[in-house]
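**Student:** Got a structure for you, questions after.
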Amino acid sequence: MKASPRISDDEIIRREERLRDWFTEGQDEIMREIDGLDIGWGGSQRWATANMPEIHAGRHLDFACGYGTFLAQLGWRFPDVTLYGLNIDFTGPHACIRKLLGRAKVSVTLVQSDARSMPFSDLTFDSVSCFLGLQDMRIGFADEGVRRAVTEAIRVLKPRGCLILVDDFTFETLLALLSTECTKVVFKGEFTLDVKWCRRVAEAAIKLYSDGWITQARVDEPPHREVVYAETYKRMKEKMEQQFGAKGFYTPHGPIRMVVAEKTRGGTAMFEERKV
C-alpha cells in the first residue's frame, strides 16, 4: 500500500497551535504559557519526528506517554502507522489524553500498565519510543526503574526495529541504557528548546514543577512532602537564577537529546549511523 504523503512542518505547527489553544482554553496568560509548552515542547517534538527513522507502517509503541502529545506528533508525521500508548495511569493530569488525541484527530490504542513490566509478547512492535518519560521514571523508580523499562522496550521490539529515546539525559546516560549486544546506535542528536520565559512565568513554573516532582516521586506523607517540595523548589530556583544571570531568560528543560538504536539481532542494519 502506498504511504500517505508526509506533511510539512508548517502544517504541523498549525496543528500544534490549534491543539494548544484548546489545551489552554480559559487559563490566564501565565498558565497558557506554561501548559502550552506541553504541545510541541518548544519545537523538540517536531525535530524528533523529523529525525527519527520513517515508520510508515506497522505497530509503534510510545511508552510513558503521559498526556499523549508526542503520540499526536507521531500520528501527524506518520499517519499510516498503528499507534499504541502505554502509561502507568490515565488519571489525574493524564485524564485528558483521550480528548487530546481526539482533538488531534489521531487514533491510538491506550494501554494502562507499568513500563517496567510491559503486557506485550516478545517482538510485538516494529518501533518503540519514549519522549521525556525516562526522567519521570527516574524520579519515581530510580535508575533501576529506567533500566528495566528500556530493557522491556527492547524485548517487545522486533529485530530491525528502532527504539527512539528522547530526554534531557546526557548522551553518556542514554548510550549506557542501550549498551546491549542486540542493539546498534544509528542516530544521536541534540535540540535546544525555542522557549524564553520571563521571570513571572518562570517563577510560577518552578512552583508547579516542584509539585509535579512530588507526584512523580510518590511522596504521600505530608511532612515528607513539605521537605521534598522545599528541596526541589530550592534546586530549581537556583538553576532558574543561573539562567537569568547568564541569558536574561529561562528555558525550563533541555537541551533535549535523542538516541535511536536498531535492534540488530536477527537482522541487518537498516540505517547508516549519523549525527546532527
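The values are calculated or read from the model by the stated rules, or taken from the named source; none is laboratory data. Since the structure is predicted, the reported quantities are computational estimates derived from the model, not experimental observations. Note: ideal-geometry Cβ built from the backbone for every residue, glycine included; neighbour counts use all protein chains shown. These accessible areas exclude ligands, DNA and RNA; they are computed on the full protein's heavy atoms, side chains included. Shrake-Rupley method; radii C 1.70, N 1.55, O 1.52, S 1.80 Å.
**Student:** For segment 180-243: lysine pairs with Cα atoms under 29 Å, gap of 8 or more or different chains, count?
**Tutor:** Pairs that pass both the separation and distance tests number 9.
**Student:** For Ala50 and Asp28, calculate 0.36 nm times their separation in residues minus their Cα-Cα distance, and state this gained length in nm to one decimal.
**Tutor:** On the way: separation 22, 0.36 × 22 = 7.92 nm, distance 3.22 nm.
Computed gain between Ala50 and Asp28 is 4.7 nm.
**Student:** Measure off 7 Å from each Cα along the Cα-to-Cβ vector at Thr192 and Leu123, then give the distance between these two points in nanometres to one decimal.
**Tutor:** 4.5 nm
**Student:** With a point put 7 Å past each Cα toward its Cβ, work out how far Arg265 is from Thr215 in nm, to one decimal.
**Tutor:** 3.7 nm
**Student:** Computing the accessible area with a 1.4 Å probe over protein heavy atoms, can you report the carbon and sulfur percentage for the chain? Walk me through the intermediate numbers first.
**Tutor:** Values: 6610 of 13540 Å².
In the chain, the share of accessible area belonging to carbon and sulfur is 49 percent.
**Student:** By a straight-distance test (C-alpha under 19 Å), which aspartates and glutamates pair with Lys105 as possible cross-link partners, with residues fewer than eight away in the same chain excluded?
**Tutor:** In chain and number order, the partners are Asp9, Asp10, Glu11, Glu16, Glu17, Asp21, Glu25, Asp38, Asp62, Asp80.
**Student:** Whole number please: convex hull volume per residue, Cα atoms of the chain, in Å³.
**Tutor:** Output value, Cα hull per residue: 137 Å³.
**Student:** What whole-number distance in Å separates the alpha-carbon centres of segment 119-170 and segment 42-68?
**Tutor:** If we compute the Cα centre of each part, the gap is 13 Å.
**Student:** Taking the Cα atoms of segment 82-213 alone, what are Rg (to one decimal) and Dmax (as a whole number) in Å?
**Tutor:** 16.4, 49
**Student:** DSSP loop trypsin sites (Lys or Arg not before Pro) in segment 1-88 with at most 16 other Cβ atoms within 10 Å of their Cβ, which ones? All intermediate terms of the calculation are to be shown ahead of the outcome.
**Tutor:** Numbers: sites: Lys2, Arg6, Arg14, Arg15, Arg18, Arg20, Arg32, Arg46, Arg59, Arg77; in loops: Lys2, Arg6.
For trypsin sites (Lys or Arg not before Pro) across segment 1-88 that sit outside H, G, I, E and B with at most 16 neighbouring Cβ atoms in 10 Å, the list reads Lys2, Arg6.
**Student:** Please work out how much length the chain gains when fully extended from Asp10 to Val111, using 0.36 nm per residue of separation minus the C-alpha to C-alpha distance, in nm with one decimal. Provide the component values of the computation, followed by the final result.
**Tutor:** Values: separation 101, 0.36 × 101 = 36.36 nm, distance 3.12 nm.
33.2 nm is the gain from fully extending Asp10 to Val111.
**Student:** Using a probe radius of 1.4 Å on heavy atoms only, what accessible surface per residue do you get for the chain? Whole Å² is fine. It would help to have the intermediate numbers written out before the result.
**Tutor:** Values: 13540 Å² over 276 residues.
Solvent-accessible surface per residue comes out at 49 Å².
**Student:** Using Cα positions and a limit of under 14 Å, work out the aspartates and glutamates in reach of Lys263, with same-chain residues fewer than 8 apart set aside.
**Tutor:** Filter leaves Asp122, Asp126, Glu152, Glu181, Glu272, Glu273.
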